[in-house]
Amino acid sequence: MANNKSAKKRIEIAERNRLINKSYKSTVRTLTKKTKENCEKYKKEPNDDDKNLVQNSLNKTFSLIDKAVKKNVLHKNNGANKKTKINNFVKTTLTAK
C-alpha cells in the first residue's frame, strides 16, 4: 500500500483512468458487433436503408476508435488493425451480390 500522499493520489488517478479506458474498449467492441450485425442484416435482404445503416455504424465505430487512439487508450497500430478488419468485412458484404 502507498505510504505517502502523492503515491495515494497516483493510485486514485490510475483507477479512474482504468475505468475510462475500460469504457472506451467496451464501446469499441459493442459498436464493432453492431456493425457486423448490420452487415449480416444487409446480406439477408439488401436495400438502401440497411446500406445506410451499415455506413453509419461503420462511421461511428471508426470515430470512436480514432478517439481511443487519440487518448492513448488504444495503440495506433491496434486501432488501425481494428479499423482494417471491420472495413474489410463491410467491403465484402457491400460488394457481394
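Restricting to the range 76-91, name every residue that is of a type in the set (D, E, K, R) and touching a residue at least 24 places away in the same chain (Cβ under 8 Å).
Looking only at the range 76-91, we keep the residues that are of a type in the set (D, E, K, R), and these are 76, 82-83, 85, 91.
Residue satisfying the conditions is Lys82 alone.
Being assigned to a loop (DSSP other than H, G, I, E, B) and of a type in the set (S, T, N, Q) is the filter here; which residues of the range 61-96 pass it? Write out each step before concluding.
Kept after step one, since they are assigned to a loop (DSSP other than H, G, I, E, B), are these residues of the range 61-96: 71-75, 96.
Across the range 61-96, the qualifying residue is only Asn72.
Scan the range 41-58 for residues that are surrounded by 12 or more Cβ atoms within 10 Å (Cβ to Cβ) and over 10 Å from the mean Cα position of the chain (by Cα) and jot them down. Don't jump to the end; show me each part of the working.
As a first pass, look at the range 41-58 and keep what is surrounded by 12 or more Cβ atoms within 10 Å (Cβ to Cβ): 41-43, 46, 50-58.
Selection gives Lys41, Tyr42, Lys43, Pro46, Asp50, Lys51, Asn52, Leu53, Val54, Gln55, Asn56, Ser57.
Would it be correct to say that Val73 is in contact (Cβ under 8 Å) with a residue 12 or more places away in the chain and in contact with a Leu (Cβ under 7 Å, 6 or more places away or on another chain)?
Numbers: in contact (Cβ under 8 Å) with a residue 12 or more places away in the chain: yes; in contact with a Leu (Cβ under 7 Å, 6 or more places away or on another chain): no.
So Val73 fails the test.
Please work out if Ile11 is in a helix (DSSP H, G or I) and surrounded by fewer than 15 Cβ atoms within 10 Å (Cβ to Cβ).
Details: in a helix (DSSP H, G or I): yes; surrounded by fewer than 15 Cβ atoms within 10 Å (Cβ to Cβ): yes.
Considered against the rule, which asks whether it is in a helix (DSSP H, G or I) and surrounded by fewer than 15 Cβ atoms within 10 Å (Cβ to Cβ), Ile11 comes out as yes.
State yes or no: is Asp49 closer than 13 Å to Tyr24 by Cβ and not in a loop (DSSP other than H, G, I, E, B)? If you could, list the steps in order and put the result at the bottom.
Values: closer than 13 Å to Tyr24 by Cβ: no; not in a loop (DSSP other than H, G, I, E, B): yes.
When the stated conditions are applied, Asp49 does not pass them.
Need pairs with beta-carbon distance below 7 Å; first residue under 17 Å from Leu64 (Cα atoms) and within the range 1-24, second outside any helix (DSSP H, G or I) and among the hydrophobic types (A, V, I, L, M, F, W, C); sequence gap 6+ or separate chains.
Within 7 Å, the pairs are Asn21/Val73; Tyr24/Val73.
Each reported figure results from applying straightforward, stated rules to the coordinates on display, with no laboratory input. Here the structure is a predicted model, which is why all the values come from computation and not from measurement. Please note: Cβ atoms are built from the backbone with ideal geometry, for glycine as well, and neighbour counts cover all protein chains shown.
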